[in-house]
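Notes follow once the structure below has been shown.
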Amino acid sequence: MADNEDCPISRLRLISMINRDSHSFIKSRLGDIDINSGQFPLMFLLYYHDGINQGTAALKLNLDKGTVARGMMRLEDSGLIIRKKDDHDRRNYRLSLTPAGRLAMERLHEIRAELESSLVAGMSDEDRRELDRLLQLMHRNVSEVPDG
């Protein structure tokens, strides 16, 4: 867990570095797709949950509603998604990918696969399963800590 014996890197710092480097990786490969790395998970959510409402999207991504709304407005301006008023709750929007958004997803799937492959390079299948288990445990542990 240490760079060297004189300067240990904490787990929290390593997680932060992996997150930052992952965003840089994504950004470097987006090319002419008009999204940023922060909108990357929004696109995948819509790909797998067509018609999801913004509030549910915020919950699933563990983001505040304002962040999701701003991201979705930018994706809409880019022509990658459409936001349509919810027929049952006019205060909310239903979100869907446009044909251009579905086309962009082909490249986003490639980028995600390349990133995931890079992240686990050199790990055995057993290592990967253990990593997944430990990351899920860490997430559960931190999400259960009361705010305050």
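The values are calculated or read from the model by the stated rules, or taken from the named source; none is laboratory data. None of the values given here were measured: they were computed from a predicted structure. Cβ sites come from the backbone with ideal geometry, for glycine too, and all protein chains shown count toward neighbours.
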Unmet requirement for H88, which otherwise passes all of (1) under 28 Å from L135 (Cβ atoms); (2) out of contact with any Leu (no Cβ under 8 Å at 6 or more places or on another chain); (3) not small (G, A, S)
(1)
Unmet requirement for V145, which otherwise passes all of (1) at pLDDT below 95; (2) surrounded by fewer than 13 Cβ atoms within 10 Å (Cβ to Cβ); (3) in a helix (DSSP H, G or I); (4) of a type in the set (A, V, I, L, M)
(3)
Can you confirm whether region 113-120 contains a residue that is modelled with pLDDT of 95 or more, more than 21 Å from G38 (Cα to Cα) and either in contact with a Cys (Cβ under 6 Å, 6 or more places away or on another chain) or small (G, A, S) (or both)?
no
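What residue, of E110, E116, E126, is closer than 18 Å to N19 by Cβ, charged (D, E, K, R) and part of a helix (DSSP H, G or I)?
E116
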